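Report on one structure; see the data block that follows.
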Amino acid sequence: MRAIILAAGRGVRLQLPEDSQVPKCLLRFGGLTLLERHLRMLKSAGVSEVVLALGFRHELVEWELDNWGWDPRPEIVLNMNFELGSVLTVHTVADAMTRGGDILLMDADVLYDERILRALVEGDGPLNQLLIDRDFEAGDEPVKLCVRRGIPIELRKQVAAGLEFDTIGESVGFFRFDEAGARRLADLVAGYVDSGRAHMPHEEAVRDLIQERSQRLEIADVTGWPWIEIDFPNDVLRAAQEVLPQLEPLSGGD
C-alpha cells in the first residue's frame, strides 16, 4: 500500500503574515508537525511507501525531512502551479497513483486520531473506501458525503435539494483506492486538467467516480473519533485546545 499526501497549497485562509506562512503540514501540535504525525502513524500501520505532493515553500518541508532523517525518505513530487487547485496536484502524482496496489490519498492539513487511519488500512484485500463522520457542523464548508443503502451517492459541499439519502456526514478527506479505482481516478483527474478545470478541488473527480459507479465503493464510519481539517485561524485553536487532548497516544510513542 502506498500513501499519497497532498501538501502543495499555500493555506491563505489561515491569514498568516506573508513572512510567517509555512506549508500547513508543518503546523505543530503537541510537539509534532502534522507531517510527522502522518509519517509516524503510517509507519506504525505498515505503510512505508509515502509520496509527498509539495508546492508552496517545498524547500521547508524537504529541510524538515532531512533534519528528521526519516527513513525511508518520502518521494517528493512538485506542483509549482499549486495556486490553481488540488486537481492539478493530484494530476502531478498520477505515476504514484497508477503503479499498482492500493493507495491512500490523504490531505496533509488534518489532525486526526490514529484509529481513523486504521479504519482505512485494515480492510482485507483490494478496497475502495471513503470515510464518513456523521457528527458534523452544518454549513457551507464541510464536504458532505451522502449515502443511500450503504452506497455513496454524493460528495460535495452543496447537496442538491431533493436528493434522497439515508445517511449524511462529513468526508474526512482521506480515501483508499485499489489499483483499478486509482487508475480510473487518475484518468478522471487528467480529464479535468485537459479540459481547463485544473483549478477544481480533487473531490470533484472523486465525486465523478462515485456517480459513474464504475467501481465498488465502501464506507467506513469514523463518527466519534476526533479529527479536524485546518483551514482557518479558529481551526488552529480548536485543534490545539479541543482535538489534540482527545487523541489516542501514537502507537510509536510521542
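Structure above, values below:
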quantity	calculated
Every residue from segment 108-141 that is charged (D, E, K, R), farther than 17 Å from residue 222 by Cα and more than 14 Å from the chain's Cα centre (by Cα)	124, 140, 141
Given (1) in contact (Cβ under 8 Å) with a residue 24 or more places away in the chain; (2) open to solvent by 20 Å² or more (accessible area, probe 1.4 Å); (3) farther than 22 Å from residue 28 by Cα; (4) not β-branched (Val, Ile, Thr), index of the condition residue 115 fails	(3)
Lone unmet requirement of (1) open to solvent by less than 70 Å² (accessible area, probe 1.4 Å); (2) in contact (Cβ under 8 Å) with a residue 24 or more places away in the chain; (3) among the acidic types (Asp, Glu) for residue 179	(1)
Some residue of segment 146-167 being within 23 Å of residue 7 (Cβ to Cβ), in contact (Cβ under 8 Å) with a residue 12 or more places away in the chain and assigned to a loop (DSSP other than H, G, I, E, B)	yes
Residue in segment 184-201 that is in a loop (DSSP other than H, G, I, E, B), among the polar types (S, T, N, Q) and open to solvent by 50 Å² or more (accessible area, probe 1.4 Å) present	yes
Criterion: modelled with pLDDT of 95 or more and of a type in the set (Asp, Glu) - qualifying residue of 208, 231, 254	208
Counted residues, segment 118-143 - those being open to solvent by 10 Å² or more (accessible area, probe 1.4 Å), in a loop (DSSP other than H, G, I, E, B) and within 22 Å of residue 189 (Cα to Cα)	4
Within segment 51-64, considering residues that are of a type in the set (A, V, I, L, M) and buried (at least 17 other Cβ atoms within 10 Å of the Cβ), the one farthest from the chain's Cα centre (by Cα)	61
Residue in segment 192-200 that is hydroxyl-bearing (Ser, Thr, Tyr), touching an Asp or Glu at 6+ places or on another chain (Cβ under 9 Å), modelled with pLDDT of 95 or more and more than 20 Å from residue 38 (Cα to Cα) present	yes
Test for residue 219: is it among the β-branched types (Val, Ile, Thr), outside any loop (DSSP other than H, G, I, E, B), open to solvent by 10 Å² or more (accessible area, probe 1.4 Å) and within 19 Å of residue 156 (Cβ to Cβ)	yes
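The values are calculated or read from the model by the stated rules, or taken from the named source; none is laboratory data. Quick caveat: nothing in here was measured; it's all calculated off a predicted structure. Note that we place each Cβ from the backbone using ideal geometry, even for glycine, and neighbour counts take in every protein chain shown. The protein model used for the area step is the full one, side chains on, heavy atoms only, and it has no ligands, DNA or RNA in it. Shrake-Rupley method; radii C 1.70, N 1.55, O 1.52, S 1.80 Å.
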